[in-house]
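Contents: one structure, followed by commentary.
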Amino acid sequence: MQIETAVIHAGIQEDPLTGAVIPPIYQTSTYHQAELGGHVKYEYTRGENPTRFAVEAVMATLEHGTAGFAFSSGMTAIHAVLTLLHSGDHLIIGTDVYGGTFRLVNRILSNLGITATAVDTNNPHAVQEAIQPNTKMLYLETPSNPLLHVTDIPQAAKIAHQAQMIVAVDNTFASPINQTPLDLGADIVLHSGTKYLGGHSDLISGFVVTKDSGLTEQIKFIQMSIGGVLSPQDSYLLQRSLKTLALRVERHNSNANRLAEYLNNHQKIAKVYYPGLINSPDHQIAQAQMNGFGGMLSLELVTGLDTKTFVESMRLFTLAESLGGVESLIEVPAVMTHASIPRSVRLENGISDELVRVSVGIESIDDLLEDMQQALAQL
Ligand SMILES: Cc1ncc(COP(=O)(O)O)c(C=O)c1O
């Protein structure tokens, strides 16, 4: 089944009670037991809920896995995956990851005896050198947030698997329409479902998809034990959103491509970070492992031009955190999404104070270009 069909049909079974075509919202916390210890089918919604199961099944199909797990946020999903690690374990993580992931690893997991080394995950020597006897996981984002760097997943997975490590890939920026990491060697795929999967900036959610039965059992146990599951209402909303994922991402891709080209040729722009640009150092790998280059790009103005004036001059691009919604957003990672990373670490990792990140929406590209043009003209 092609992914454009899967987003609409996967995981959907007619409701056995009524024949409803759309899975009903089972807004219940618990289920009746016909006799003591003998529940009819389900026991308690933290463990089992048909509305959540429906969206989990769609995500498992879209990511080419065998099991999907829906969480109340991307961070809860990431936390569940990192809970596979135990005290004394070590993980290797990309230098360019979402600020919240950095914070979780460096300020929460570190207190639990789990250590981490941050490296450029696309540098095989750096990954190899960071491996310690207790290294259990390679965690990467590709394309990364906010520099849109691409990691060669098969290459990184090969190195990690030789050392018996689990490979987890945050696929939020690509979405399963543009990239399916499990096909490229990853063991676990993660999402902030808040972004492209939800697509309308109206819910917070997260996903984990697995294919190996051992990891599936472990994540299932962690999800049920720690909680943080997606509610029935939000499961329904998310599942509704997924039906248009392929259509939306197609437009995100083409709009971002057009905007990146425009910015790349603009004299007031010093640098554009977008793997779809032929002159991007990430282009070749992206072309090899992605079906589209995504709707995210970052840029730097030429020295001397004021970033604050630029982002505040936008009319259509809303100055806001988050990404992946139908509406275009713009932000400055240093003071917004990545503010939790110490400045020295941020600068070392190439995230300058002036970097601007753009989530290109699905509006008319003519209107988006016009807005960008008028904002640049004000500088
Ligand atoms: C790449 C990436 N992963 C994970 C997250 C965290 O997701 P959430 O905000 O849904 O908890 C974000 C949030 O911006 C993100 O950009």
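Tabulated data for the structure shown
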quantity	calculated
Relative contact order (percent, whole number), the chain, Cα cutoff 8 Å, 6+ residue spacing	17
Net length gained if the chain between Q378 and H9 were fully extended (0.36 nm per residue, minus Cα distance)	128.1 nm
Cleavage-rule hits, trypsin sites (Lys or Arg not before Pro), segment 304-378, DSSP coil, Cβ neighbours within 10 Å at most 12	R315
For the chain, radius of gyration divided by Kirkwood radius, i.e. Rg to Rh on alpha-carbons	0.98
For V167, distant residues with modelled amide H under 5 Å away	L138, D187, I188
Taking only Cα atoms of segment 246-377, radius of gyration then Dmax in Å	14.2, 40
Built amide H within the under 5 Å cut-off of L301, gap 5+	A270
For segment 291-297, Karplus couplings with θ = phi - 60° (6.51, -1.76, 1.60), whole Hz, Gly/Pro x	8, x, 9, x, x, 10, 8
Heavy-atom accessible surface of the chain: percent carbon and sulfur, 1.4 Å	52
Probe 1.4 Å, accessible area per residue of the chain, Å²	43
Part-to-part distance (alpha-carbon centres) for segment 33-64 and segment 351-377, which is given in Å	42
Long-range HN-HN contacts of D120 with modeled amide H, under 5 Å	T95
With 5 Å bins from 0: P(r) over segment 38-141, alpha-carbon pairs, percent	2, 11, 18, 18, 15, 14, 11, 5, 3, 1, 0, 0
Ellipticity estimate at 222 nm from DSSP helix runs (n ≥ 4, -39,500 (n - 2.57)) divided over the chain, nearest 500	-10000 deg cm²/dmol
Chain lengthening between A270 and A34 when straightened (0.36 nm per residue, less Cα-Cα)	78.2 nm
Pairwise centroid distance, computed over Cα atoms, of segment 324-346 with segment 239-315, Å	15
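The values are calculated or read from the model by the stated rules, or taken from the named source; none is laboratory data. Computed from a predicted structure; not experimentally measured. Every residue, glycine as well, gets a Cβ built from its backbone with ideal geometry; the counts of neighbours run over all protein chains shown. The area values use the complete protein model at the heavy-atom level, side chains included, leaving out ligands, DNA and RNA. Shrake-Rupley method; radii C 1.70, N 1.55, O 1.52, S 1.80 Å.
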